[in-house]
Amino acid sequence: MTLPAALQDKLALPVIGSPLFIISNPALVIAQCLSGIIGSMPALNARPQAQLDEWLEQITTTLDQARQDMPQKRIAPFAINQIIHGSNDRLDQDMDSCIRYRVPVIITSLSAPTDFVAPIHEYGGLVFHDVTNIRHAEKALEAGVDGLILVCAGAGGHAGTLSPFALISEVRRFFDGPIALSGAMTSGAHIAAARAMGADLAYMGTRFIATEEANAQTEYKQMLVDSDASEIVYTPLFTGVHGNYLARSITAAGLDAKNLPNADKSSMDFGSKRIKPWKDVWGAGQGVGNIQSVLPAGELIAQLATEYHSTLAQLGH
């Protein structure tokens, strides 16, 4: 297990802040990177498409200036998430923007990024692909990705059903490259556990929704604080792909969270004009029960670092 050279000595904590649809924005990404973890956001959060270039300019300029002003500080690179799906009618434009700004890490989702790995590698970028099973992992590696993100049971958003113990063990049989592990991770102890299980990085999303920088309604952030794992509903209804959502938000939207209709992959739509279900129905992972407060991202990351190093010390490392 080893991180690519582009990430070595760049991180204060082995964490990727996962891209959060609607919620991730330049303020959150910059705060995460300045605190030493990889911040990320979906390209589709920038609307209209031209805004993506503005955001990439803002993030790139801010982080470059910070590195110049604080050369001894570990300032992490950032990542942009791209949905590789036929309904994403912005994909080529968004990829062109990322290549133009030489985005350090591209996180790809759904289909393997076969046509995009080479142009990203040409400027020195890294490609991490998120997967929920072995078949997806093998296809991503055939496409030439640099690392895998294992989206396991309990993760927020489009989570899989496999235990992180099971999936990482099977993937490690054939892949010794960089792995980020997700699934209900909300503390520094969880980051240490991910490393102990064979991951290089923890992949944390839900915990960062409850930060001051996140572009989420106050009610959404408070619902995370008030909810626990028993209130997470796993359903494909809202996007055509199974995902985890807060039951209270489903009820507030006028639906019966315990008796939702089904949906299938034919209803998937990642086009630029799609209705955004997360405006009313809010995603979250099973780690919500460990979220006690809404904090500035930098303060949260400092807390996670303290917990992480304390856990390592307890284990004798």
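Which order results if Phe175, Phe238 are arranged by neighbouring Cβ count within 10 Å, fewest first?
Details: Phe175 16, Phe238 22.
Lowest to highest Cβ neighbour count: Phe175, Phe238.
Quick one: give the max-minus-min coordinate of the C-alpha atoms of the chain along each principal axis, largest first, in Å.
In descending order, the Cα extents are 53, 47, 40 Å.
Could you let me know the centre-to-centre spacing of the range 284-317 and the range 176-247, using Cα atoms, in angstrom?
Going from one Cα centre to the other spans 13 Å.
Quick one: grab Rg to one decimal and Dmax as a whole number for the range 2-41, Cα atoms only, in Å.
Radius of gyration, then largest Cα-Cα span, for the range 2-41: 10.5, 32 Å.
Nearest 5 percent is fine: what portion of the DSSP beta bridges confined to the chain is antiparallel? Present the calculation step by step, with values, prior to reporting the outcome.
Details: 6 of 35 bridges.
Percentage antiparallel, nearest 5: 15.
Rounded, prolate or oblate: which one fits the range 7-81, using the alpha carbon gyration tensor with axes a ≥ b ≥ c (rounded when a/c is under 1.5, else prolate when a/b beats b/c, else oblate)? List each step's numbers first, then the result.
Details: a/c = 2.75, a/b = 1.53, b/c = 1.81.
Cα axes put the range 7-81 in the oblate bin.
How many nm is it between the label spots at Ile99 and Thr306, if each spot is 7 Å from the Cα in line with the beta carbon?
A separation of 4.6 nm, rounded to one decimal place.
Here, each number is a calculation from the coordinates, and none is a lab measurement. Given the structure is predicted, the values throughout are model-derived calculations rather than measurements. Glycine also receives a Cβ, built like all others from the backbone with ideal geometry; neighbour counts cover every protein chain displayed.
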